[in-house]
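Read through the structure below, which is laid out as structure tokens, and then see the notes.
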Amino acid sequence: MRAELELWVRAVIGRAYPRIVGATREKSWLFFDTVLPLLGTAAYVFVYRAIGAPEAYIGFVVVGGAMTAFWMNVLWSMSSQLYWEKESGNLGLYIAAPAPMMAILLGMAVGGLFYTSLRATAVILVGSLLFGVHYALGDFGLLLLTFFLTMAALYGMGMLFASLYLLWGREAWHISNLLQEPVYLLSGFYFPVRHLGFWVAVAASFIPLTLGLDAMRQLLFPVEPTLGFLSVPVEVGALAGLSVLFIVAARYALEYLERLAKREGRLTERRG
Amino acid sequence: MEEPLAIRTEKLTRIYKIREGKGRRKKKRELVALDRVNLEVQRGELFGLLGPNGAGKTTLIKILTTLLSPTSGRAWVDGLDVERDMREIRRRINMVSGGETSGYGLLTVQENLWMFAQFYGLDRWTARRRMDELLEMVGLVDRRHTKISDLSTGLRQKMNIVRGFLTDPRIIFLDEPTLGLDVGAARQVRSFIANWLKGRPDRTVLLTTHYMVEADELCDRVAIIDHGQVLACDAPARLKRSLGQEAIYHIRVSLLPSEATHGFRLIEGVRQFTPRFHDGHVHLDFILREDDVLTAVVDRISRSGARILSLEKREPTLEDVFIDMVGRGLTEEHPEE
Ligand SMILES: Nc1ncnc2c1ncn2[C@@H]1O[C@H](COP(=O)(O)OP(=O)(O)O)[C@@H](O)[C@H]1O
Ligand SMILES: [Mg+2]
């Protein structure tokens, strides 16, 4: 039992490591990955200022801009991870290793999360200074919990997508493309999701970022409580539910994928 | 209790379903990659699978390493069923393939090896100790801090080899481990494998190759495989001896009219004949029933107008054994590819 747990932890750390090292070795990426989201954010800031939106919207936009980094990471990197591992010849070795694939996949998520956190932090810092955002943080513990659960649900979804993308191969690219823009709109990166109307907001809540963003904003800018969609405790509860849902689904998808691929001979690239 | 065999297969069969053609014209075809293969590999053996491209070697390795399901038949690794006891098998084995591109280019040799060791739960000290020993053995010590994207093919493959042996597997699968390596690097890899086994009599190696020298030099026993079927299985020396009285001649001639080559098979006593073009000459390999047949062969060459540049009687090789059985060489293009 202890040995099992140790193997799990080692596998997570082992796979997270390359992403973490990658972040520090290729520093040029950090620059581009910070500047580009900031540009998008700045555009919204200027629009909101021009139309005289409440000042709290500026903070919304900056926090939203930072969180897009996580969405991009899940959509473009995490989801296609297993596909790339197969292309580069790692997948077979990962599957044939005694460590559970879930641990290795979690390691990818942790690595991506770390790497993206650097970018998100940079966006928040630079954006807040540039546009003079005022935070009125009340409950830091709850904010941390909300962030953690949002990430668990988001990366859980990424882990689920990773298995599905491997099944679908190249077609998955189109899905990523298809998902990117609507999600910007639906999850309320740049405005409160409440404006979408109740039922659309409920549907959008299956994207973990929607509720996470909404709850974090309520915690960071409590001066405008009317902008929130649901109350924070309800949103935190829902996020916890989503995390469990996605992670369990990812586990079964992975198991199914392995069995199917073994039967069809698609687990490894054909060479020679 | 009796120690189980390292590897055993029973009527192991794998059929691939292939979709051919494009669009609406898609047709499904079945390809038998392994055809009722029975194999028994003893513990401590260095066992070779020798066969041309497409013979089914990689397919067999994938099944034994739990990456592919058999279509029918069964297989056991270290006494464990490949379909039922996957988790336990995975703890005990490892594998390396030729031309492998595993790992991350941004990481150094040492970091990549460490990462893979984590997936086997190796603690830092064990990993470190084995890494030192293995890097030394393959001559990669001074490259341990090189990013693997900067390694040459040969060095990269040596790192892959270290990765496979790092977990001290009870059974290791090597799928054409010297594929694409230059002569020197290939020799180093071969001698590493032999050396590693020397101090570890209870470890087993299953190696596939289409280089007959590799099978001959390295392996205790060799199974010759073609079109998914095991044609023969024995020690290399005994396989070669099975050619018996037959005489093997290598004749180099100057330009031979291509229609002339057809006639050789018709000569009474010519068991197999393979022509090859190399270095501007025609190389003819004959397996003759007995030495006396040579006269008729030489006679036919001179009547065709070609000039004999050299003639040599050879000891039989494993390739001759293969040619004798299937009528073509190991490295010739596979007719279906
Ligand atoms: N995933 C696959 N799908 C369909 N056919 C395959 C697949 N893998 C291998 N084959 C076919 O099965 C046969 C055996 O292949 P393989 O086991 O790779 O042979 P070898 O390793 O001896 O070259 C070949 O004809 C090959 O084209
Ligand atoms: Mg092969």
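Summary table
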read-out	value
Relative contact order (percent, whole number), the stretch B:7-240, Cα cutoff 8 Å, 6+ residue spacing	29
Charged-residue dipole, Cβ positions (Lys, Arg, Asp, Glu), the stretch B:7-240 about Cα centre, Debye nearest 20	1060
For B:Leu231, residues with placed amide H under 5 Å, excluding near neighbours	B:Ile224, B:Ile225, B:Asp226
Above-threshold pairs, the threshold being 32 Å between Cα atoms, out of B:Lys198/B:Lys240; B:Lys158/B:Lys313; B:Lys28/B:Lys240	B:Lys158/B:Lys313; B:Lys28/B:Lys240
Residues of type aspartates and glutamates that B:Lys27 reaches as a straight line, Cα spacing below 14 Å, ignoring anything fewer than 8 places off in the same chain	none
Ranking by accessible area, most exposed first, for A:Ser187, B:Ser310, B:Ser258 with a 1.4 Å probe	B:Ser258, B:Ser310, A:Ser187
In sequence order, calculated HN-Hα J values of the stretch B:111-117 (Karplus, 6.51, -1.76, 1.60; Hz; x Gly/Pro)	5, 4, 4, 4, 4, 5, 4
Cα gyration tensor category, rounded, prolate or oblate, for the stretch A:1-62 with a/c compared to 1.5	oblate
DSSP bridge pairs, the protein assembly as shown: antiparallel proportion in percent, nearest 5	70
Protection proxy ranking of B:291-301, B:148-158 - average other beta-carbon atoms within 10 Å, highest first	B:148-158, B:291-301
HN-Hα J in Hz across the stretch B:83-95 - Karplus 6.51, -1.76, 1.60, θ = phi - 60°, x for Gly and Pro	8, 9, 10, 3, 4, 6, 4, 4, 5, 9, 10, 7, 8
Chain A: calculated mean residue ellipticity at 222 nm from DSSP helix runs of at least 4, using -39500 (n - 2.57)	-26000 deg cm²/dmol
Cut-off under 5 Å, modelled amide H: who pairs with B:Gly99 long-range	B:Leu179
Peptide B:109-116, shielding by other chains (average Cβ, 10 Å cutoff)	3
³J(HN,Hα) computed for each position of the stretch B:180-188 - Karplus, 6.51 cos²θ - 1.76 cosθ + 1.60, integer Hz, glycine/proline x	x, 8, 6, 3, x, 5, 4, 5, 5
Listed peptides A:189-199, A:15-25, B:62-72 by packing density, highest first (mean Cβ within 10 Å)	B:62-72, A:15-25, A:189-199
10 Å Cβ neighbours from other chains, averaged over peptide B:69-81	1
Efficiency of FRET between B:Glu312 and B:His262 - r from beta-carbon atoms, R0 22 angstrom, step 0.05	0.40
Cut-off under 5 Å, modelled amide H: who pairs with B:Arg271 long-range	B:Ile287, B:Leu288, B:Arg289
Contact order relative to length of chain A, as percent, for alpha carbon pairs under 8 angstrom and 6 or more apart	27
Shape of the stretch B:90-202, Cα gyration tensor, a/c cut at 1.5	rounded
For chain B, share of DSSP beta bridges that run antiparallel, in % to the nearest 5	70
Separation between Cα centres of the stretch A:141-173 and the stretch B:178-202, rounded to whole Å	43
Cα-based shape type of the stretch B:47-127, given that a ≥ b ≥ c are square roots of the gyration tensor eigenvalues and the cut on a/c is 1.5	oblate
Neighbour cut-off at most 15 other Cβ (10 Å), DSSP loop, GluC sites (Glu not before Pro), the stretch B:17-92	B:Glu83
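The values are calculated or read from the model by the stated rules, or taken from the named source; none is laboratory data. Everything quoted here is computed from the prediction, not taken from an experiment. Every residue, glycine as well, gets a Cβ built from its backbone with ideal geometry; the counts of neighbours run over all protein chains shown. Note: accessible area is taken over every heavy atom of the protein model, side chains too, but ligands, DNA and RNA are not part of it. Shrake-Rupley method; radii C 1.70, N 1.55, O 1.52, S 1.80 Å.
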